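Asks: My questions will all concern the structure given below.
The values are calculated or read from the model by the stated rules, or taken from the named source; none is laboratory data. If you're wondering where the values come from, they're calculated on a predicted model, not measured in any experiment. We place every Cβ from the backbone using ideal geometry, glycine too, and count neighbours over all the protein chains shown.
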Amino acid sequence: MFNPLNTLAGRMVLVTVLAVAISYALTFVIYSNERGAALQRAAENALIERVAYAGERLRAAPAQQRPLLHEDMRDRGFRLSISAAPAARQADLNGPAGRIARGIAERLPGAEVRVDPRPPPPTFDHAEAMRRGDHGPARRLHDELGRFEATPILVSVRLDTSTWMNVRARLPRPRPLPSSVWVAALATVLIVGFGAALVSRQIGKPLSDLARAAQALGAGETAVRAPVAGPEDVRRASNAFNTMAERLSRQLNRQRQMLWALSHDLRTPITAIRLRAELLDDEAERQRLLTSIQEMEQLTEQALALARAGASEEVRQNVDLAEIARTLGGELRGLGAAITVDADQPVMIECRPNEIARALRNIADNAAKYAGGGAMRVFASGDHAVVEVSDEGPGVPEDQLGRLTEPFYRADPSRSSPGAGLGLAIAQAIVEAHAGSLALQNRSPHGLTATITLPRSLAA
């Protein structure tokens, strides 16, 4: 399953967006704190001014007029009353309460000021309200002030020796940030993310093209060239890869041409020797020479096949690997080999069918020659196709398993049989040319398993 976070472009976009989001978060925290402090001070100053103004008017008015004045100065969120005792308790004058008390005292020289930041909820005297005939407004005042308990404050200011002005008010909490700020932040993050995606694409696409070119080169294609695009560093990497690919292709082509020419030139003297051997009168000597000539021909053909492994001009096709295995199993059983095939489910892969069939044949032939038969199983595993060929033979010493795919290497005599020792080398070359792998493993208690793993498509 494709995960964009596994790509360079995806990670660059993620890191950029996270960096912007974190910087915005820190900015919002600082801005919110500063904004909240500024709004808090503004609310405190407004309350100080209102209380000081009310105190000045009530101090200057005669005692009989104060009830009328304080009724006129009451409004929503600012409830004023006059009593013989202070309603506010003498609280610790730190923080907002202390600032409010000091501010009022500065504007009302000589006045005693008490500020209670946690006053008890207001009480409602129903009898008094009925006597005054204003139980409706009084009840609403009681309910309204009851809703202020989240941010209430109670201020008491001495007007004279026997009168106190009590003010119930509330300091508004800092409001949340405007929605426009969040919209602007989201728009900025999206714009930055889009820009990071464009920049990362300029880097990631050339690197992706370079990776595909390297994969194609590893799959045996010779005419491979990576597009030269993107930043200067990526362009230099693409140019270096193209130079390497060109030199490697020339070297491989020279080696293959030399081996093809050598194999081809050997056919002529081998044919001449065969003709001379056919003319011998001694039957035993003729058969001995013909056997040696046959081994030489087999060695020549396998060497030529090894040179061509993975480098043929066969076109890649989407084919059913299970069908190839079933067809091969039928052919081998027709030749007397005890090979069973378990390949009921289709397994589609992109490959060169004839080359893959040759690789499977070589491995199955090994099982038939060295173990008397084997079992082939084909199945899909995620984005890969897997072919397992298991036998019940004597196995191979662990220290020799890694060398079985070396050209011309022969295992111990318990697995010896006529041949040049190139079958597994050819199979490995074909599999690796398809960006796959060949693994050999001993079975318990005996036997050997050869496992071919192939990507189901070249881009896998």
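Asks: When you go through (1) assigned to a loop (DSSP other than H, G, I, E, B); (2) at pLDDT 90 or above one by one for residue 313, which number turns out not to apply?
Replies: (2)
Asks: Anything in the stretch 351-360 that is surrounded by 22 or more Cβ atoms within 10 Å (Cβ to Cβ) and hydrophobic (A, V, I, L, M, F, W, C)? List them, or say none.
Replies: Within the stretch 351-360, 351, 356, 359, 360 meet the criteria.
Asks: With the structure loaded, tell me whether residue 175 is assigned to a helix (DSSP H, G or I), of a type in the set (D, E, K, R) and either within 46 Å of the chain's Cα centre (by Cα) or modelled with pLDDT of 80 or more (or both) or whether it fails that test.
Replies: Numbers: assigned to a helix (DSSP H, G or I): no; of a type in the set (D, E, K, R): yes; either within 46 Å of the chain's Cα centre (by Cα) or modelled with pLDDT of 80 or more (or both): yes.
Here the answer is no, as residue 175 does not meet what is asked.
Asks: Sticking with this structure for a sec: Take the residues of the stretch 433-454 that are more than 16 Å from residue 390 (Cα to Cα) and at pLDDT below 85: which is surrounded by the most Cβ atoms within 10 Å (Cβ to Cβ)? Talk me through it step by step, then tell me what you get.
Replies: Filtering the stretch 433-454 for residues more than 16 Å from residue 390 (Cα to Cα) gives 433-437, 454.
Cutting the leftovers down to at pLDDT below 85 gives us 433-435.
Working: 433: 20, 434: 23, 435: 19.
Applying the filter and picking the extreme gives 434.
Asks: Just for the stretch 361-389: of the residues that are crowded, with 19+ Cβ neighbours inside 10 Å and among the polar types (S, T, N, Q), which one is farthest from the chain's Cα centre (by Cα)?
Replies: 366
Asks: Count, please, the residues in the stretch 46-64 that happen to be touching a residue at least 60 places away in the same chain (Cβ under 8 Å), more than 11 Å from residue 104 (Cα to Cα) and not aliphatic (A, V, I, L, M).
Replies: 1
Asks: Still on this model: When the residues of the stretch 332-350 are narrowed to those that are without any contact (Cβ under 8 Å) to a residue 24 or more places away in the chain and over 11 Å from residue 379 (Cα atoms), which ends up surrounded by the most Cβ atoms within 10 Å (Cβ to Cβ)?
Replies: Let us first name the residues in the stretch 332-350 that are without any contact (Cβ under 8 Å) to a residue 24 or more places away in the chain, namely 333-336, 344.
So of that shortlist, the ones also over 11 Å from residue 379 (Cα atoms) come out as 333-336.
Values: 333: 15, 334: 8, 335: 9, 336: 8.
My answer is 333.
Asks: Check residue 373 against each of (1) touching a residue at least 40 places away in the same chain (Cβ under 8 Å); (2) at positive phi and name the one condition it does not meet.
Replies: Unmet for residue 373, out of (1) touching a residue at least 40 places away in the same chain (Cβ under 8 Å); (2) at positive phi: (1).
Asks: Scan the stretch 198-255 for residues that are surrounded by 13 or more Cβ atoms within 10 Å (Cβ to Cβ) and among the hydroxyl-bearing types (Ser, Thr, Tyr) and jot them down.
Replies: 200, 208, 222, 238, 249
Asks: Here's something else I'd like to know. Among what's in the stretch 113-127 and is of a type in the set (D, E, K, R) and exposed (fewer than 14 other Cβ atoms within 10 Å of the Cβ), pick the residue that is modelled with the highest pLDDT. Can you show your working first?
Replies: Of all residues in the stretch 113-127, those of a type in the set (D, E, K, R) come to 114, 116, 118, 125.
Still in the running and exposed (fewer than 14 other Cβ atoms within 10 Å of the Cβ): 118, 125.
Working: 118: 69, 125: 47.
Only one residue fits best here, namely 118.
Asks: Consider the stretch 7-35. How many of its residues are farther than 30 Å from residue 200 by Cα and surrounded by 14 or more Cβ atoms within 10 Å (Cβ to Cβ)?
Replies: Going through the stretch 7-35 one residue at a time, the tally reaches 2.
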